[in-house]
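Some notes on the structure that comes next.
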Amino acid sequence: MALTSFTATRDHVAPPVVSAPSVTVSDWQSKLPVLCGPNVTLRDVRRSDAPSLLRLLSTEEVTRFVAPPPTTLEGFEQFIDWVNGQRAAGQYICYAVVPRGGTTAIGLIQVKQLQGSFDTAEWGFVFGQPFWGTGMFVEAAKMVLEFTFETLGTQRLEARVVVANGRGNGALHKLGARCEAVLRQTFSSNGQRWNQFLWSILPGDWLRAKAVWTETTPPDMRVH
């Protein structure tokens, strides 16, 4: 599984990088910590990821329920520049998902602040279709959830997923999220409007899910 309706390109299509404000930069703002699991490594997205992301995330299967990603190599490079500028400003994180032992990004997991802080945030993910059903998404998502709640201090994490997107909705349920509402016709694609489910994860949900996961989490899932 690896698909929700939210990507950074829903709100921003490769805008110019904006200089970060003059504030004290935390460690994660200067560089995201590398998160390592048995099968995937998560790290900052790089310009060198643009070719693989363009190839994997531009297919009809992937774009059916997400806002259209950049359609050119230059567009993806600009998007990556923007993502890293937003991270430096403390407003946004974007992890590239790389199979362990590899160098090529096969998907993205993103978290953006809402209402001016990460106290309430929204996340989304998109993977190349060849990697759906491999277990890589769930492994990566658990590590991002831990980072979001324990490092960013998020108190409410939201996701919006097209109702017809069974994979995305099933994955969020598996991760401990709760469906709160149906948002009517809030997503548009190819001239059609779709309803979305609004999902949320609160600290209590996260702690209950984490307690279950800890029993089966391999010891080499760690943060560097």
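Each reported figure results from applying straightforward, stated rules to the coordinates on display, with no laboratory input. This structure is a prediction, so every number in the text was calculated from the model and none was measured. Cβ sites come from the backbone with ideal geometry, for glycine too, and all protein chains shown count toward neighbours.
Computed quantities for the displayed model
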read-out: Order of Asp205, Asp49 under a 10 Å beta carbon neighbour criterion, fewest first; value: Asp205, Asp49
read-out: Per principal axis, descending, Cα span of segment 173-212 in whole Å; value: 43, 15, 11
read-out: Under 14 Å from the Ser189 label point (7 Å along Cα→beta-carbon), backbone N, segment 162-176; value: 162-170
read-out: Segment 53-112 shape via C-alpha gyration tensor axes, a/c threshold 1.5; value: oblate
read-out: Cα gyration tensor, segment 28-170 - rounded (a/c under 1.5), prolate or oblate; value: rounded
read-out: Sorted by Cβ density within 10 Å, fewest first, the residues Ser48, Ser200; value: Ser48, Ser200
read-out: Lys, Arg +1 and Asp, Glu -1 on Cβ, resulting dipole of segment 80-177 about Cα centre, debye, nearest 20; value: 220
read-out: Segment 115-214, relative contact order in percent, only Cα pairs under 8 angstrom and at least six apart counted; value: 28
read-out: Fully extended contour minus Cα-Cα distance, from Trp28 to Ser48, at 0.36 nm per residue; value: 5.2 nm
read-out: Where chymotrypsin sites (Phe, Trp or Tyr not before Pro) fall in DSSP loop in segment 133-169, at most 16 other Cβ within 10 Å; value: none
read-out: Vicinal HN-Hα couplings computed from phi for segment 200-205 (Karplus, 6.51 cos²θ - 1.76 cosθ + 1.60; Hz; Gly/Pro x); value: 9, 10, 9, x, x, 4
read-out: Set of lysines near Lys112 by C-alpha distance (under 21 Å), chain-local residues within fewer than 8 positions excluded; value: Lys31, Lys142
read-out: Segment Asp81-Val182, extension gain: residue separation times 0.36 nm, minus the distance between their alpha carbons; value: 33.0 nm
read-out: Segment 91-180 shape via C-alpha gyration tensor axes, a/c threshold 1.5; value: oblate
read-out: Most positive-pole-ward Cα, Gln196, Phe131, Gly116, against dipole of segment 89-224 from beta carbon charges; value: Gln196
read-out: Least to most buried among Leu145, Leu183, Leu32 (fewest other Cβ within 10 Å first); value: Leu183, Leu32, Leu145
read-out: Loop trypsin sites (Lys or Arg not before Pro), segment 94-196, which have at most 14 other Cβ atoms in a 10 Å radius of their Cβ (DSSP); value: Arg100
